[in-house]
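Reviewing the structure listed below.
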Amino acid sequence: MAKLRGRGYASVNYPTGMNLGGDPSQALIHATTTGTFVVSLSSVDLGQGLKTVVAQCAAETLGLPMENILVDTADTDTGPHCMGTFASRGTHRVGNAVIMAAAEAREVMLAVAAEELEVDAGDLETDGTGYIQVKGAEEKRVHITDLALAAHFTHGRTISGRGIFLKEKNDPVPETGEMDPDSCQAHACTVAVVEVDDETGVVEVLEMHNAYEIGRALNPAMVAQQVEGGAWMGMSHALFESTEPYYPTRDHGPGDFNEYLMPGPADIPMYHNAILERPAGNGPFGAKGIGEMTANAPIPAIANAIFDACGVRLDTMPFTPERVLRGLDELRGNHH
Amino acid sequence: MASQVVNLRVNERSREFLAAPGTSLLSSLRDALGLMAAKRGCAQGSCGTCTVLLDGRPVMSCLVAVETVDGASVRTLEGVARDGELDEVQAAFLEGFATQCGFCTAGMIMSAEALLDRNPDPTREDVVEAISGNVCRCTGYGPIVDAILDAAARRRP
């Protein structure tokens, strides 16, 4: 009886967004009287960080601090249209729409500043801290708070912008099946190191090495969150989670968190993550989607590591002790 | 049985309210006192997102019948920040990217506060043990464990 160590890897190419009948998302931006830019979206943030990334895109494009951006994702009845947060499309679709809206709002902002400062809009720049100033004569400047007040109460202008990103519908070529189903593809590889206890059948993941090529990491800390959270979820699906452990029968299905097994904080492996950035031409500042794909590669990587460790080839998740032991029995010629 | 008056000292304030028999501490906090940080996740003591400190000890507030703790002292996430300033655990969670969807965060932070109150210098294993009753679905736990260790370091003189 021994603990057998093995290593396996798996790779994934993952599409950003999808084709559907055309895949659009819209964004609207307007400045309040005090120079807060409200980004109105119907795209929902349920923890994936969309609001943060969108605020970054808006701030970068407007040339204003993040503090001046307020992202409002309140109401899909009244907000501008979004297809939804799925297919790892949020950063790409919504980011692009927000950049377009912010670029239009920036043009208006500079036009109003030109009126206010009595200069040519082409001579103006933003300093990134909240001022719009004359290039080469920085003392001639106006703060966005004063400018927004002036826009509303003196010039009668709205500082606003509209944005949309549309992935157009694309049909397959009947003869070849060729088509353009997504906007770009992110790539990843996971190497998993596991230990298989050949007496109990328990599999422990010791290390996970994750390499991701994701265009551009708009927020590297949130990318790391997504990679590790996804790796955990992949490990969880690989080793623990099932709503129907004896599928197709529904016997012994878990009814609560006591029975629905997941790895806890004591079960996490050592992670090593590498992020490669090769900006996508059509991505917001080059970003591709890094969403669902993070849970994908860990699962076959763990399956391959189990095979490497003990010779058992499992193709049904989760890779429970029972399945490992049955596989070992079969290898030893002990058929039941 | 009739409802009864319950007195609790919640986040250093005396609070008095009516509770029907069997009402959970969690429901009392959320519904009677309007303290919404503690979440109702599984309502059976399995997920930990309702964790609060009861006389200094972490409890699943969904499992505590409030009439049985009349007169007790309760600390919730709302009572952690001081004068509008985040405490060390909150700051470490924020700066360590230890929260994503946020549903587990209130319970995680209260479990961490309880740990650091009784053990200011925990090992990684101590932290893991302290949050073993708190489920997180987003982070994979690593950033949370790191944040609690970071909070302990920040709190050391």
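The values are calculated or read from the model by the stated rules, or taken from the named source; none is laboratory data. What you are looking at is a predicted structure, and each value in this text was computed from that prediction instead of being measured. Heads up, the Cβs are rebuilt from the backbone with ideal geometry, glycines too, and the neighbour counts pull from every protein chain shown. Heavy atoms of the whole protein, side chains included, go into the accessibility calculation; ligands, DNA and RNA do not. Shrake-Rupley method; radii C 1.70, N 1.55, O 1.52, S 1.80 Å.
Here is how the numbers come out for the structure above:
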{"read-out": "GNM top mover of A:His252, A:His155, A:His209 - chain A, alpha-carbon springs below 10 Å", "value": "A:His252"}
{"read-out": "5 angstrom amide H check on A:Lys140, placed H, neighbours 5+ away", "value": "A:Val134"}
{"read-out": "Solvent-accessible area buried by B and A, counting both chains, probe 1.4 angstrom, square angstrom", "value": "1600"}
{"read-out": "Stretchable slack from A:Leu206 to A:Val173, in nm (0.36 nm times residue separation minus alpha-carbon distance)", "value": "7.3 nm"}
{"read-out": "Those lysines that a straight Cα-Cα span of less than 28 Å connects to B:Lys39, excepting residues fewer than 8 apart in one chain", "value": "A:Lys51"}
{"read-out": "Region B:68-130-region A:278-312 distance, computed between alpha-carbon centres (Å)", "value": "33"}
{"read-out": "Förster-model FRET efficiency, 30 Å R0, A:Val44 and B:Ser3, C-beta, rounded to 0.05", "value": "0.15"}
{"read-out": "Angle in degrees between helix B:142-155 and the longest Cα principal axis of chain B, rounded to the nearest 10", "value": "90"}
{"read-out": "DSSP-loop trypsin sites (Lys or Arg not before Pro) across region A:302-336, with at most 16 other Cβ within 10 angstrom", "value": "A:Arg313, A:Arg332"}
{"read-out": "Förster radius 35 Å - calculated FRET efficiency between A:Thr129 and A:Leu261 (Cβ-Cβ, nearest 0.05)", "value": "0.10"}
{"read-out": "Global geometry of the protein assembly as shown, whether rounded, prolate or oblate, following the gyration tensor of its Cα atoms and the 1.5 cut on a/c", "value": "oblate"}
{"read-out": "Reference-scaled alpha-carbon Rg (2.2 N^0.38 Å with N residues) for region B:88-155", "value": "0.95"}
{"read-out": "Inter-probe distance in nm under a simple model that places probes 7 Å from Cα toward Cβ, at A:Glu330 and B:Asp117", "value": "5.3"}
{"read-out": "Paramagnetic reach from A:Leu276 (point 7 Å along Cα→Cβ, amide N under 12 Å) across region A:177-209", "value": "A:186-190"}
{"read-out": "Computed label-point distance, nm, for sites A:Leu70 and A:Thr243 using a 7 Å Cα→Cβ extension", "value": "3.9"}
{"read-out": "For chain B, built as a Gaussian network whose Cα springs stay under 10 Å, the top-fluctuating residue of B:Met108, B:Met60, B:Met36", "value": "B:Met36"}
{"read-out": "Choice from A:Glu175, A:Glu115, A:Glu322 showing the highest fluctuation, given a GNM over chain A with Cα pairs closer than 10 Å", "value": "A:Glu175"}
{"read-out": "Whole-percent carbon and sulfur share, accessible surface of the protein assembly as shown, 1.4 Å", "value": "51"}
{"read-out": "Segment A:Arg313-A:Asp180, length gained on full extension (0.36 nm per residue, minus Cα span)", "value": "44.4 nm"}
{"read-out": "Residues of the protein assembly as shown: accessible area per residue with a 1.4 Å probe, Å²", "value": "47"}
